[in-house]
Each structure stands twice: as C-alpha cells, then as structure tokens.
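The values are calculated or read from the model by the stated rules, or taken from the named source; none is laboratory data. Nothing here was measured: the structure is a model prediction, and the numbers come from that model. Virtual Cβ from ideal backbone geometry, glycine too; neighbours counted across all protein chains shown.
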C-alpha cells in the first residue's frame, strides 16, 4: 500500500481558504464560504464520526482546528460515494484519493496548497489545487496498478 503525504509545498500561510457552505442553490455543487483564518474545532460528535471514518489522519481529537464544518463533512461523505465505487477494488488508490479530498476539504493549512481562483462575494467558485509532479505521479501509479481503469 502506497501512503502519500500531503505536505508537499512550501509554506504560503497556515490558514483556511474556506469554511462552511454558503450557497445551497445547487445541492449537487454547493459553494463554500470564502474564509481567510485559522481552522476551528469541529465541536460535533456526529461530524467527528464522519471525519474519523473518511479522514482519520485529521481526527486528532475534538479540539483539532479544521477548515471544515459538519455540513461540509456531510456533503463530502455523500459526494465521495461514487468515487468509492470506482476505487474500491484498489484500497491504496481509494486511500490516496480520499486523502487528497480530505486535505482539500478540511486541512487547517489549506492556503499552502489551495488557491481560490474565483471568489464572488463570499463564495468560492473555483480553486487551484497545487500538487508537485512527484505527488501526482505517485498518486497515478498507486491507481494504475489496481483495477480502476486509469
């Protein structure tokens, strides 16, 4: 099993780029609320259970600062189900894909690797996820050997 660490870029800042869902007009593609600040504790037992299941490396205790709230975690959990069906035959690929999304959703240092590319009002419409070539190659190779169609 290939484990890939997600701490791969030089430090820009140690902050979030978003926190919470700010637009529910499209339930399939909600927009997160732009936020430049420190992560916040989850403070919700049900959300912490989802975090522990989906993103165990971020479940370091209820006071751990994160850039996601209960609503974001629930959306992440539901929207990851189709990806699980695609990647479930390759546990290392699923773990790496899930960690990529966990970092994007909740990492308390998002600003180190995520750059908002379109913010309208207080809503984030698009981001650039900055990965090193080495990380991208390792991620691809972890899926290539499994039976996931890559």
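Matching residues to (1) buried (at least 18 other Cβ atoms within 10 Å of the Cβ); (2) in contact (Cβ under 8 Å) with a residue 12 or more places away in the chain:
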position	(1), (2)
57	no, yes
72	yes, yes
81	no, no
88	no, no
96	yes, yes
100	no, yes
111	yes, yes
130	no, yes
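Whether any residue in the stretch 123-135 is modelled with pLDDT of 95 or more, in contact with a strand residue (DSSP E or B) (Cβ under 6 Å, 6 or more places away or on another chain) and part of a loop (DSSP other than H, G, I, E, B) is what I want to check.
No, there is no match, as no residue in the stretch 123-135 is modelled with pLDDT of 95 or more, in contact with a strand residue (DSSP E or B) (Cβ under 6 Å, 6 or more places away or on another chain) and part of a loop (DSSP other than H, G, I, E, B).
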